[in-house]
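Okay, so here's the structure we're looking at.
A short reminder: the numbers here are calculations on the coordinates, not readings from a lab. Keep in mind that what you see is a predicted model, and the values were worked out from it rather than measured. Cβ atoms come from the backbone with ideal geometry, glycine included; neighbour counts cover every protein chain shown.
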């Protein structure tokens, strides 16, 4: 039988700091069995971090070698360390028909959309600027300069929303709604005519062959 | 609280004859509470048809008057009769935040997409040309000229798939999968950044106002 879209979808999850995107991503994996792309980094593991779970921890030498081999679909240097998304895992999973989630920043998201035009870019937000401010300001005892830095960052993140195709609200106590919405987005995208060209063309050809000449 | 997309979505359902699109539409309304736009026609009701359920039955005079008043979002004349989608009902439902389903042919679908760029166009198909042929040919005792006409029509319908954004399979005995996929498509589309401009701009403005000048 002809089948629709065999290749998996590449799904980029970004969002405001404090939007809970990490928990949403974890729940998407647990509930719907999506694959998670684990980033590679040259920074040292922090306490409790496990190699291959939070990150693949590598030496700078290994990382640079992988860059030379075109081994990343995106990478960046922050402060003194490299961070990147290894190409092999993503390609293997997509070829096997699995959906791969990437939790990355906007610069990486834009770069991925250029290489994978069918990638699905989703931005996660609090239900309002008001509630986002509360989450950013009232976490504890931080002084005003820390809060100011966070607000500045949030404003910059907000400007990047226009780079994304979808925006989903993660409201307090309603993470499941957010998770299910993202699942719907992924399910819907797999039904796009533009990602099912082979299937559509086959049906068109087969029906045309039936025509009396 | 800021809310996302207040306006409902306009959803166009088309598909091959024999794809079961009528049953799918009915089940979408029953299961998910979508609104159905009932077409207007100048043809006489057939046995069992109820005015306002299958169609709004009108005189040609009334129909032509409504055309003059720009009362249709699309209309066409087939053989000796007019068929059209009344504008008022659709506009009222969308404004009330309801999703409206239209089950129409490809010409109407294209015309609606021009007037409502956010309309969601979905084409329903059998899982393969093979199974579609079976459904079209083996219904009963029709002679070969009837079957030939149907195959010709199916080939023409297949060419129109490229006008749609989504294609969904309605497999025998799996109508529920098809119905749920369409629901996912509608849910996902409501999360598009492009249909949530007001919400995104409000968040951007509010976060920017927090910045020290």
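Using only the alpha-carbon atoms of segment B:38-97, report the extent along each of the three principal axes, biggest first, to the nearest angstrom.
For segment B:38-97, the Cα spread along each principal axis is 35, 27, 16 Å.
May I ask you to derive the relative contact order of chain A, considering only C-alpha pairs under 8 Å and at least 6 residues apart, and to give it as an integer percent?
RCO, chain A: 30 percent.
In vacuum, with every alpha carbon of chain A counted as one equal point scatterer, what does the Debye formula give for log10 I(q)/I(0) at q = 0.10, 0.14 Å⁻¹? Two decimals, please.
-0.52, -0.95
Averaged over B:197-207, how many beta carbons belonging to a partner chain fall within 10 Å of each residue's beta carbon?
Rounded to a whole number, the mean comes out at 6.
Would you mind pulling out the separation of the Cα centroids of segment B:1-74 and segment B:138-192, in Å?
If you average the Cα positions of each part, the centres end up 18 Å apart.
Provide B:131, B:14 in ascending order of the number of other Cβ atoms located within 10 Å of each residue's Cβ, fewest first.
With the sparsest Cβ surroundings first, the list reads B:131, B:14.
Could you check which residue among A:108, A:18, A:52 shows the biggest mean-square fluctuation in a GNM of chain A with a 10 Å Cα cutoff?
A:52
Tell me, what is the FRET efficiency for residue B:145 and residue B:64 to the nearest 0.05, using R0 = 30 angstrom and their Cβ-Cβ distance as r?
Here the calculated transfer efficiency is 0.30.
Determine the calculated [θ] at 222 nm for chain B from helices alone, applying -39500 (n - 2.57) to every DSSP H run no shorter than 4 residues and normalising by the residue count; nearest 500 deg cm²/dmol.
-13500 deg cm²/dmol
How far apart, in nm, are the 7 Å Cα→Cβ label points at residue B:205 and residue A:23?
3.0 nm
Whole number please: convex hull volume per residue of the Cα set in the protein assembly as shown, in Å³?
With only Cα atoms used, the protein assembly as shown gives 180 Å³ per residue.
Measure off 7 Å from each Cα along the Cα-to-Cβ vector at residue B:7 and residue A:172, then give the distance between these two points in nanometres to one decimal.
Spacing of the two 7 Å Cα→Cβ label points: 3.3 nm.
Report the FRET efficiency, 1/(1 + (r/R0)^6), for residue A:30 and residue B:31, where r is their Cβ-Cβ distance and R0 is 25 Å, rounded to 0.05.
According to the calculation, E is roughly 0.40.
Give me B:43, A:46, A:150 sorted ascending by neighbouring Cβ count inside 10 Å, so fewest comes first.
So the residues, fewest neighbours to most, are A:46, B:43, A:150.
Looking only at chain A, where both bridge partners belong to it, what percent of the DSSP beta bridges are antiparallel (to the nearest 5)?
Antiparallel bridges make up about 30 percent of those DSSP assigns within chain A.
Order of A:17, B:160 from fewest to most other C-beta atoms within 10 Å?
Ranked by crowding around the Cβ, least crowded first: A:17, B:160.
Compare A:195, A:79, A:24 in a GNM of chain A, Cα atoms joined below 10 Å, and give the one with the largest fluctuation.
A:79
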